[in-house]
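Written below as structure tokens is the structure these notes are about.
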Amino acid sequence: MKVYLCGQKYFGMLVLKMILNAGHNIVGVSAPSPESGAVDRLWGEASLKGIPVMPSGRLNGENLPPGVDLIVAAHSHDFIGRKTRNRSALGAIGFHPSLLPLHRGRDAIRWTIKLGEKISGGTVFWLNDTVDGGPVAAQDWCWVEPGDTAESLWREKIQPMGVRLLASALSDISAGRLVRIPQNHKMATWEPSLNPPPLYRPDLPQIGSYPSGYTVVMERDLMPIGM
């Protein structure tokens, strides 16, 4: 598949390597520009591999490279709009560090620790016009053990889980199987960002279709990976 990757930091770099190792072609990357200081890990890795890189926040439907099959968001804080998603053949998937629909928003892990919860996890979902509200493509859980911090929970458990779940979702998609399990919006929670300003939420209906040859899986009897 031809993939466009939006992301940043170490997680974005790990996802870039995973996508390439899986045999896919990354036709472009969106990552924080090095003009602000230190070179972002995803920006640096993409540059080393000769992949075109665009500063975060500039991607839109007009400058998405032609022929993109799938957009992948890996620690991206950009809202990938409808026009951009509809320019790709299959839309966009992203990883969120919680058991969606719980803890939508930027600070999911920090709120998990702040609220003293014992179980956390991660979700790969299809991006739509509801922030963190699209159908689930892959999901797994983990314990929040005594002594875990937001940093250790991310670094030791959820980050590697995210790479694995994205790899699983890409494997399904490349095989023509589109897993799309609707979220239970009645159970959704949204906590405010602890540091950045609130994320804009244009809650609009989803539109779009898929190319022939793909099977959309929506049945709720699919168990999360690892359960």
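Computed quantities for the displayed model
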quantity: Considering residues of the stretch 137-187 that are polar (S, T, N, Q) and farther than 21 Å from Gly81 by Cβ only, the residue surrounded by the most Cβ atoms within 10 Å (Cβ to Cβ); calculated: Gln139
quantity: Residue under evaluation Val136, criteria (1) modelled with pLDDT under 95; (2) among the aliphatic types (A, V, I, L, M); (3) in contact with a strand residue (DSSP E or B) (Cβ under 7 Å, 6 or more places away or on another chain), criterion not met; calculated: (1)
quantity: For Pro34: the one exception among (1) under 16 Å from Thr84 (Cα atoms); (2) touching an Asp or Glu at 6+ places or on another chain (Cβ under 8 Å); calculated: (1)
quantity: Residues satisfying the stated conditions in the stretch 65-81, i.e. surrounded by 20 or more Cβ atoms within 10 Å (Cβ to Cβ) and modelled with pLDDT under 95; calculated: His75, Ser76, Ile80
quantity: Flag if Thr112 is in contact with a strand residue (DSSP E or B) (Cβ under 9 Å, 6 or more places away or on another chain) and crowded, with 23+ Cβ neighbours inside 10 Å; calculated: yes
quantity: Meets criteria (closer than 30 Å to Glu145 by Cα and not in a helix (DSSP H, G or I)) for Leu100; calculated: yes
quantity: Gly134 being part of a loop (DSSP other than H, G, I, E, B), surrounded by fewer than 21 Cβ atoms within 10 Å (Cβ to Cβ) and of a type in the set (Gly, Ala, Ser); calculated: no
quantity: Pair list, Cβ < 8 Å and 6+ apart or interchain, from the stretch 109-130 residues that are within 16 Å of Glu156 (Cα to Cα) to residues that are in a loop (DSSP other than H, G, I, E, B) and among the β-branched types (Val, Ile, Thr); calculated: Thr112/Val144; Ile113/Val144; Ile113/Thr149; Lys118/Val144; Ile119/Val144; Ser120/Val144
quantity: Residues being in a strand (DSSP E or B) and surrounded by fewer than 22 Cβ atoms within 10 Å (Cβ to Cβ) - total across the stretch 115-125; calculated: 1
quantity: Some residue of the stretch 144-167 being part of a strand (DSSP E or B) and at pLDDT 95 or above; calculated: no
quantity: Qualifying positions in the stretch 106-122 - out of contact with any Pro (no Cβ under 7 Å at 6 or more places or on another chain) and of a type in the set (Gly, Ala, Ser); calculated: Gly116, Ser120, Gly121
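The values are calculated or read from the model by the stated rules, or taken from the named source; none is laboratory data. Given the structure is predicted, the values throughout are model-derived calculations rather than measurements. Here the Cβ is made from the backbone with ideal geometry for all residues, glycine too, and neighbour counts use every protein chain on show.
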